[in-house]
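The values are calculated or read from the model by the stated rules, or taken from the named source; none is laboratory data. In this text, all values refer to a predicted model and were calculated from it rather than measured experimentally. Cβ placement follows ideal geometry from the backbone for every residue including glycine, while neighbour counts extend to all protein chains displayed.
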Amino acid sequence: MVWHQFELIVTAAGCSAVLILLLLPMFRRYALARPNARSSHRIPTPQGGGVAVILAVAIALVANGALIGPERTALIDVLPLGASVVILTVVGAIDDVLPIAPLWRLAAQAVAVSLTVLTTPAELRAIPLAPIAIERAAEIVAGLWFVNLVNFMDGIDWMTVAEVVPSTLSIFVFALFGAVPSLAGSMALALCGATLGFAPFNRPVAKLFLGDVGSLPIGLLLFWLLLQLAGGGHLAAALLLPLYYVADATITLLRRLARGERITEAHRTHFYQLAVIRGLPVITVVQSVFAVNLALAVLAALSIRISSAAFDLIALAGGGGLVTGLLLVMWRGKA
């Protein structure tokens, strides 16, 4: 079993890296991100690495037999998720080359998220006390926001790596102890490996970006994994793992709305972007995010282990304090 898990992550990482090397000439020709006033990079940089990441996840799951035996039946249940990932991958690929109008882009995202949420098993309940129709509606809104915020937060080198790796590794570990289904654990490990395969190419200063073709479907996969965790009775853990991402993106959106800005326009006012603008090195910012995400993962693990409503509140308060501290450091920038 241990070898199988090692094989899964290595296969995903290897496939991701090899696919990137094969596709990089095409990315340079057709998907070059040129710097503008809102960019964090200074030279034209190819984007589209997310294609390799998503393909690597699928290849690794099949090649390593993650969907064989007891999990074969579960494959039928995640076919809607696969279709939704394909929708967002195609939409992201088009948007990377020929920008799509925000309304059409949002409509496609809504279809993908709704398909994912509305086909989840009825027994998967993150908020059992709420009527299921209200819960599913709330999950669709949350999923739509999560897909977009992962895209918003993919604004500097290694930022998505700093979020995806600790989150997916945590979910895999939680699966080992039965907190999420084994298929979710396998998918988390495959996504972690594929992201690690992409990481060397995105290391500051990046030679390749994920692009919308990667950030959108990765956002959906992360949301689905968190939904599995919340539906297993671990809502606090599901809130803790992405807490920095959610806080930075949500507070930034509210600030922009308060200033009367058009939220469909690109910008550089996320806390992590302001930190770089105000003098903090990119590597320092992403290392800080990674460290806080590890701490959030520990709190999430403790909330699952202790399984107490009182401790869940303590863990959420502690996680909120950590994230608030990080946001303040980023807001201040280089002292």
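For region 298-311, a residue qualifies if it is surrounded by fewer than 21 Cβ atoms within 10 Å (Cβ to Cβ) and part of a helix (DSSP H, G or I), and the qualifying residues are 298, 301, 302, 305, 306, 309, 310, 311.
For the criterion of being among the polar types (S, T, N, Q), in contact with a Phe, Trp or Tyr (Cβ under 7 Å, 6 or more places away or on another chain), at pLDDT below 95 and over 17 Å from residue 221 (Cβ atoms), residue 5 fails. Scanning region 96-121 for residues that are in a helix (DSSP H, G or I) and among the hydroxyl-bearing types (Ser, Thr, Tyr), we see that the one that is farthest from residue 181 (Cα to Cα) is 114. Picking from residues in region 312-335 that are closer than 16 Å to residue 289 by Cβ and β-branched (Val, Ile, Thr), the one that is surrounded by the fewest Cβ atoms within 10 Å (Cβ to Cβ) is 324. For residue 204, the test of being modelled with pLDDT of 95 or more and touching a Phe, Trp or Tyr at 6+ places or on another chain (Cβ under 8 Å) is failed. The set of residues from region 163-209 being more than 29 Å from residue 124 (Cα to Cα), over 17 Å from the mean Cα position of the chain (by Cα) and surrounded by fewer than 24 Cβ atoms within 10 Å (Cβ to Cβ) comprises 200, 201, 203, 204, 205, 206, 207. Of the residues that sit in region 218-276 and are small (Gly, Ala, Ser) and under 19 Å from residue 304 (Cβ atoms), which one is surrounded by the fewest Cβ atoms within 10 Å (Cβ to Cβ)? The qualifying residue surrounded by the fewest Cβ atoms within 10 Å (Cβ to Cβ) is 233.
For the subset of region 114-131 comprising residues that are touching a helix residue (DSSP H, G or I) at 6+ places or on another chain (Cβ under 8 Å) and among the hydrophobic types (A, V, I, L, M, F, W, C), which member is surrounded by the most Cβ atoms within 10 Å (Cβ to Cβ)? Per the criteria, the residue is 117. Of everything in region 210-230 that is at pLDDT 95 or above and more than 17 Å from residue 245 (Cβ to Cβ), the residue that is farthest from the chain's Cα centre (by Cα) is 228.
Assess whether residue 31 counts as being at pLDDT below 90, hydrophobic (A, V, I, L, M, F, W, C), crowded, with 21+ Cβ neighbours inside 10 Å and in contact with a Gly (Cβ under 6 Å, 6 or more places away or on another chain). So residue 31 passes the test. Put simply, of 258, 237, 247 the only residue that is without any contact (Cβ under 8 Å) to a residue 60 or more places away in the chain and more than 21 Å from residue 106 (Cβ to Cβ) is 258.
Residue count for region 122-180, restricted to those that are at pLDDT below 95, aromatic (Phe, Trp, Tyr) and either in contact with a Gly (Cβ under 9 Å, 6 or more places away or on another chain) or not in a helix (DSSP H, G or I) (or both): 1.
The single condition among (1) over 15 Å from residue 218 (Cβ atoms); (2) crowded, with 24+ Cβ neighbours inside 10 Å that residue 147 does not meet is (1). Counting only helices (runs of 4 or more DSSP H) wholly contained in region 182-278, the ones carrying 3 or more residues that are under 23 Å from residue 137 (Cα atoms) and out of contact with any Cys (no Cβ under 6 Å at 6 or more places or on another chain) occupy 212-231, 235-240, 243-258.
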